[in-house]
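Engineer: Pasting a structure here, questions to come.
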Amino acid sequence: MTNKKKLFLGLSAFILCIIVLTTFYFTVYKKFKSLIPANPYDLEIEKNAVFIPAKNSINFDYKAKILIFYKNPKEDLVMLQHLIEISPKTKETYKNVSCTVFLDKSLRKWILSGPLYFGTDRSQNITINYKTNPGLNLSYINHIGKDFDKNMLVDDLKKPIKIKIKWQNGTEYVELTDFTITWRNFLIKNPFNG
């Protein structure tokens, strides 16, 4: 066998291997990708999206509270809860509603785990109207590590909360800056220790 034939056979085998591996990769990848559940939240923010102050919304009233539950912040984990209430301002019916709340990125250093967003599952068929379902109540709980600087945490919690609410006939982007931050001491008694 001549060197040209050996080179030709070697290159042919190499190209054939690349084709087989590429075909296998894309076939398996597509199959496994379809098994991975999609994110239930609508995280897409349009390029031209403008976040208006929540009080300027013509569609919805937005209210928020942030609760910080602690026992002994120097020794124990602290629980952080965001509560968002959204109700229609009009008698209009809003169909196929989905809502995503985006927390400020500065909270990443405080929150021990979990994403900086929460909301409704976009696959749900939520209808909001003033008679039968007068709005959304969203809640998100995280934990903060122990021994933190209270003032720095509060400064980061005061940063705007961004909300995207989408329905059959529209989308609204708002920034919520008017909310309360409340510290609550809680003592959990173990019933087995008296």
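Coordinate-derived values only; no laboratory data. None of the values given here were measured: they were computed from a predicted structure. All Cβ positions, glycine included, derive from the backbone under ideal geometry; neighbour counts span all protein chains shown.
Engineer: Considering only DSSP states other than H, G, I, E and B, which chymotrypsin sites (Phe, Trp or Tyr not before Pro) in region 60-149 qualify as loop sites with at most 16 other Cβ atoms within 10 Å? All intermediate terms of the calculation are to be shown ahead of the outcome.
Structural biologist: Details: sites: F60, Y62, F69, Y70, Y94, F102, W110, Y117, F118, Y130, Y140, F148; in loops: W110, Y130, F148.
Here the sparse-neighbourhood loop sites are Y130, F148.
Engineer: Quick one: longest stretch of the chain between exposed loop trypsin sites (Lys or Arg not before Pro), exposed meaning at most 16 other C-beta atoms within 10 Å and loop per DSSP? Display every interim value, and only then the final one.
Structural biologist: Details: sites that count: K47, K71, K74, K89, K91, K131, K146, K158, K189.
Answer from the scan: 1-46.
Engineer: OK, next. Please compute the modelled spin-label separation between I45 and I19, points set 7 Å along Cα→Cβ, answer in nm with one decimal.
Structural biologist: Distance between label points: 4.7 nm.
Engineer: With the crude spin-label approximation of a point 7 Å out along Cα→Cβ, what separation in nm comes out for N56 versus F8?
Structural biologist: So the two model labels end up 7.3 nm from each other.
Engineer: Please identify every one of the GluC sites (Glu not before Pro) in region 63-130 that sits in a loop by DSSP and has no more than 14 other beta carbons within 10 Å of its own beta carbon.
Structural biologist: Values: sites: E75, E85, E92; in loops: E75, E92.
Answer in residue order: E75, E92.
Engineer: Which entry in (i) -0.34, -0.86; (ii) -0.45, -0.82; (iii) -0.27, -0.70 matches log10 I(q)/I(0) by the Debye sum over Cα atoms at q = 0.08, 0.13 Å⁻¹ derived from the coordinates of this structure?
Structural biologist: (ii)
Engineer: In the structure shown, do any of K47/K109; K105/K162; K89/K159; K95/K158; K95/K162; K71/K105 have a Cα-Cα gap over 23 Å, and if so which? Before the final figure, lay out the partial values.
Structural biologist: Numbers: K47/K109 27 Å; K105/K162 11 Å; K89/K159 25 Å; K95/K158 32 Å; K95/K162 21 Å; K71/K105 26 Å.
Flagged as over cut-off: K47/K109; K89/K159; K95/K158; K71/K105.
Engineer: Can you figure out the FRET efficiency of D147 with L83, using R₀ = 30 Å and their beta-carbon distance, to the nearest 0.05?
Structural biologist: Numbers: r = 26 Å, r/R0 = 0.86.
Taking R0 as 30 Å, the efficiency between D147 and L83 is 0.70.
Engineer: What is the dipole size for the chain, taken about its Cα centre, with +1 at each Lys and Arg Cβ and -1 at each Asp and Glu Cβ, in debye to the nearest 20? Numbers along the way, then the final one.
Structural biologist: Working: 29 positive and 17 negative charges, 159 e Å.
Charge dipole of the chain: 760 debye, to the nearest 20.
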